[in-house]
Amino acid sequence: MSLKAIWETWGPVMVTPAVIIFLSLIEIAPIKINPWSAIMKFLGSRLNSDVTARLDTMQQCQTETRQRLDEHIEKDDAQTASLWRTQILRFNDELLHDRRHTKEHFDEVLGTIKDYEDFCHAHDDFPNGKCVHAIANINRVYDELLESHDFL
């Protein structure tokens, strides 16, 4: 019997088990080459290519949305700090025009001053310095009223 005849008779039947045994022996070898994992990874990447592409698109959209949200939060924080500054300047203007206030009003504006100063320390790029003297005047008047017990 020739090799060609043996191959034609037994070749297709023996090739599949021989390949399985060969691949399994390679996996057991001390050098960890795992052909099954490579084959499964290849097949998985082919089967899931559509899902992977959609996930990549979703990730990109999520990143863009996060950037826009961060910009919006930053803008909103700056607007809030500007409102605090306006409240501080208005309160100081009232003091300069001899309008009297209760201790609760002072406590409220002192809390606003603290929030404003904390924001300014955390955000060096925010223009601070527009109400430094107003804050100093409010603190001075508050200290004087605490000593004299002369709140409204």
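Full extension of the chain segment joining ILE39 with SER148 gains 30.6 nm, where the gain is 0.36 nm per residue of separation less the Cα-Cα distance. Report the paramagnetic label zone for PHE126: residues of the stretch 42-85 whose backbone N is under 17 Å from a point 7 Å from Cα along the Cα-to-Cβ axis. What the label zone holds, given the 17 Å backbone N cut-off, is 70-85. Taken one residue at a time, the phi angles of the stretch 73-86 give Karplus couplings (6.51, -1.76, 1.60, θ = phi - 60°) of 5, 4, 5, 5, 4, 5, 5, 4, 5, 5, 5, 4, 4, 4 Hz. Gly and Pro are set to x.
Kindly state, to the nearest 0.05, the FRET efficiency for ASP76 paired with LYS114, given R0 = 25 Å and r defined as their beta-carbon distance. So the FRET efficiency works out to roughly 0.80.
Each label was represented as a point 7 Å from its Cα along the Cα-to-Cβ direction; for ARG90 and ARG140 these points are 2.4 nm apart.
Which whole-number percent is the relative contact order of the stretch 81-152 (Cα, under 8 Å, 6+ apart)?
Details: 40 pairs, mean separation 34.1, N = 72.
The value is 47 percent.
Coordinate-derived values only; no laboratory data. Since the model is a prediction, treat every value here as computed from it, not as a measurement. Cβ coordinates were reconstructed from backbone atoms using ideal geometry, including for glycine residues, and neighbour counts include every protein chain displayed.
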